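In what follows, a structure is listed as structure tokens, so that the remarks can point back to it.
The values are calculated or read from the model by the stated rules, or taken from the named source; none is laboratory data. In this text the structure is predicted, and so the values were computed from the model without any measurement. Glycine also receives a Cβ, built like all others from the backbone with ideal geometry; neighbour counts cover every protein chain displayed. Remember, those area values only see protein heavy atoms, side chains included, never the ligands or the DNA or RNA. Shrake-Rupley method; radii C 1.70, N 1.55, O 1.52, S 1.80 Å.
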Amino acid sequence: MAERMGFFTDTSVCIGCKACEVACKEWNQLPDDGFVFEATSYDNTGMLGASTWRHVAFIEQSRPVQLPSADDGAEDSVDRWLMASDVCKHCTHAACLDVCPTGALFRTEFDTVVVQSDICNGCGYCVPACPYGVIDRREGDGRAWKCTMCYDRQLGGLEPACAKACPTDSIQFGPLDELRERAEERVARLRADGHEEARLYGESPSDGVGGAGAFFLLLDEPEVYGLPPDPLVTTRDLPAMWRWAGAAALSLAGTVALAFLKDGSLRRGGRHHRWGR
Ligand code: SF4
Ligand code: SF4
Ligand code: SF4
């Protein structure tokens, strides 16, 4: 197994240019999303989907702040944009992979999770299994699609297209352990500069999915970015369920065998009775 590779998306330096979305579409030859622009947000793709493997979320905020010159605690409000390029988390415990009956979803030598469209049968089991709502079936095609962390480029020694295209290094690609160290340092620096709200999301191996291969530095609560605050691997109860199902099947088989044994001895008893007449 090669070193585990990952993404660190530092949203504090994202400028919302969407070069990542475009580079992803171009490299992976993804179809368009219909060009729906509702003029309520610069977010025209809305969410991750079968044809949107990177999604740049735009969140417009108005927050109360205390005026530095005011002794009476007077407040004003500041407006800010939060921008974040979302992607498949390449979970350590990936429920999508657990439920796939065909082996279309598999874990690569880089410890990423990839779906092979030529093996996918379109059953859709993986879609509700993902705790982040990432994987999706394409309309008219039926098969499931999602970010592969540019598996083909990695095999060729290249970084994923989104990371390559990002002009601010908001998307960083590399060995996951190195990225985690870099991210801790970045959070500490931001906090020292007064950004108390800076935090990491998905970097901890003790979270509900065993840590993400693609994690984020956020400047607000995860929910603000449309991310679940406490994601849980949806297949966590499967081993216990299989144990229960196995025990139930054994007990049923035992009951049936006993019934046959009893029935057989009764029949033999009946024949003896008839022969005795
Ligand atoms: S984020 Fe969803 S689609 Fe991606 S690896 Fe995790 S469970 Fe699978
Ligand atoms: S839709 Fe495809 S990738 Fe998803 S579980 Fe079914 S076979 Fe596997
Ligand atoms: S390319 Fe980089 S800066 Fe531009 S939207 Fe994507 S993550 Fe943000």
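Condition (residue is acidic (Asp, Glu), over 28 Å from THR52 (Cα atoms) and more than 22 Å from the chain's Cα centre (by Cα)) applied to the range 164-186: is it met by at least one residue?
Scanning the range 164-186 turns up at least one residue that is acidic (Asp, Glu), over 28 Å from THR52 (Cα atoms) and more than 22 Å from the chain's Cα centre (by Cα).
Looking at (1) in contact with a Phe, Trp or Tyr (Cβ under 9 Å, 6 or more places away or on another chain); (2) of a type outside the set (A, V, I, L, M); (3) open to solvent by 10 Å² or more (accessible area, probe 1.4 Å), find the lone condition where THR112 falls short.
For THR112, the exception is condition (3).
Within the range 190-223, which residues are outside any loop (DSSP other than H, G, I, E, B) and either open to solvent by less than 50 Å² (accessible area, probe 1.4 Å) or within 12 Å of ligand 1 (Cβ to nearest atom) (or both)?
LEU190, LEU200, TYR201, ALA212, ALA214, PHE215, PHE216, LEU217, LEU218, PRO222, listed by residue number.
If GLU159 satisfies all but one of (1) closer than 17 Å to TRP53 by Cβ; (2) open to solvent by less than 10 Å² (accessible area, probe 1.4 Å); (3) part of a loop (DSSP other than H, G, I, E, B), what's the number of the condition it fails?
That leaves (2) as the condition not met.
Select from the range 138-149 the residues that are near ligand 2 (Cβ under 10 Å from one of its atoms) and either modelled with pLDDT under 95 or assigned to a loop (DSSP other than H, G, I, E, B) (or both) and list them in ascending order.
Matches in the range 138-149: GLY142, ARG143, LYS146.
Specify which of the listed residues (ASP86, ASP33, ASP43) is farther than 18 Å from THR11 by Cβ, assigned by TED's automatic domain parsing to the domain that holds GLY202, open to solvent by less than 70 Å² (accessible area, probe 1.4 Å) and within 16 Å of ligand 3 (Cβ to nearest atom).
ASP33
If a residue must be more than 6 Å from ligand 1 (Cβ to nearest atom) and closer than 19 Å to ASP230 by Cα, how many such residues does the range 121-130 contain?
Going through the range 121-130 one residue at a time, the tally reaches 3.
Give, as residue ranges, the strands (runs of 3 or more DSSP E) completely inside the range 32-137 that count at least 2 residues that are touching a strand residue (DSSP E or B) at 6+ places or on another chain (Cβ under 7 Å) and touching a residue at least 40 places away in the same chain (Cβ under 8 Å).
55-66, 75-86
Among the residues of the range 6-27, is any assigned to a loop (DSSP other than H, G, I, E, B), without any contact (Cβ under 8 Å) to a residue 40 or more places away in the chain and open to solvent by 90 Å² or more (accessible area, probe 1.4 Å)?
no
So SER117 fits all but one of (1) surrounded by fewer than 17 Cβ atoms within 10 Å (Cβ to Cβ); (2) under 28 Å from ASP32 (Cβ atoms); (3) touching a Leu at 6+ places or on another chain (Cβ under 9 Å); what number is the exception?
Among (1) surrounded by fewer than 17 Cβ atoms within 10 Å (Cβ to Cβ); (2) under 28 Å from ASP32 (Cβ atoms); (3) touching a Leu at 6+ places or on another chain (Cβ under 9 Å), the lone unmet condition for SER117 is (3).
Is there a residue being assigned by TED's automatic domain parsing to the domain that holds LEU30 and touching a His at 6+ places or on another chain (Cβ under 9 Å) anywhere in the range 129-137?
Scanning the range 129-137 turns up no residue that is assigned by TED's automatic domain parsing to the domain that holds LEU30 and touching a His at 6+ places or on another chain (Cβ under 9 Å).
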